Amino acid sequence: MFDEDLIDRPWMSQAPQTRAKWPDREGGSFSLGNVPIAELRPTQATVGFREVVAKRRRYRTAIAAGRPVLLQRQGVPIVVGPEGHAYALDRHHGLCALLAETVVTVPVVTIDDLSGLSLKAFWSTLDARGWCHPYDADGRRLAYEQLPTSMSDLEEDPYRSLASALRRIGGFDKVKVPYSEFAWADFLRRRLDRRALERDFDGALQAALGLSGGEAARALPGWRGGRLSRMTSDPPKAPAFEASKPRRGAPPHQGAVPVG
């Protein structure tokens, strides 16, 4: 059950045509250090609050038991930008959860140093590499300067939470493709009404599961296709959600993950 009291908003007081890939950390020259979470800048505009809450619960249990969470063991991949600012390339939900649990610093892995670029060239480079996702909670593209500059300013996208929940119940596979769950979130955004999602998350999740194995989702990363059909011999029937029309400026999904 969703604990709304864990989200006291603000809940933290303190396209290329080929899929992009996260940088391979093995065999490269990377540096590891600790950085205050409050100083890390996001490379996306939204998170799913339900997903943050789920991670926050897990982290709270681990912290109470004296165990480091996965993010603290592996580190957060960052790129150094203009004026020496550190930009997180991944783990935004985990960072928000740790910040909400008053964890101050996290280890980071520096993937690249682009501090010599102008701000415009910096974002263009991230965009070309598929290392940023400048889209708002309605799937509309933002100007780079509209992206938040702190984790505490990330906005809610309920479809991102829905996509995470869908993956956890086997709707699609976890893959090493940047922003793959945002691709699924945008797919679901165009098909499931937001008011119905906010009113009945579990019902929307069953509807999403029914949609995830269809041909319309084939181009999405981690698509299970026939494997999903075999897993769910009696697929759940989607409730009568009002279909949303694609919005102007929404990211394309012709076999590609939106990269900015």
query = Is the shape of the stretch 36-81 best called rounded, prolate or oblate, per the rule: a/c under 1.5 gives rounded, else a/b larger than b/c gives prolate, else oblate, with a ≥ b ≥ c the square roots of the Cα gyration tensor eigenvalues?
reply = oblate
ask   = Roughly speaking, what is the centre-to-centre gap between the stretch 169-220 and the stretch 131-157 when only Cα atoms are used, to the nearest Å?
value = 20 Å
key: Stretchable slack from Ala38 to Asp200, in nm (0.36 nm times residue separation minus alpha-carbon distance)   = 55.0 nm
query = By its C-alpha gyration tensor, with a ≥ b ≥ c as the square roots of the eigenvalues, how is the stretch 48-192 shaped: rounded for a/c under 1.5, else prolate for a/b larger than b/c, else oblate?
reply = oblate
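Can you check what the net charge comes to around Ala216, using other residues whose Cβ is under 12 Å from the Cβ of Ala216 (Lys, Arg +1; Asp, Glu -1)? Spell out each step's value before the answer.
Numbers: positive: Arg190, Arg191, Arg218; negative: Glu215.
It works out to a net charge of +2.
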query = Counting Lys +1, Arg +1, Asp -1, Glu -1, what net charge surrounds Ala64 among other residues with beta carbon under 12 Å of its beta carbon?
reply = +3
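Coordinate-derived values only; no laboratory data. Since we're looking at a predicted model, the values are computed, not measured. For neighbour counting, all protein chains shown are included, and Cβ atoms are generated from backbone atoms with ideal geometry for every residue, glycine included.
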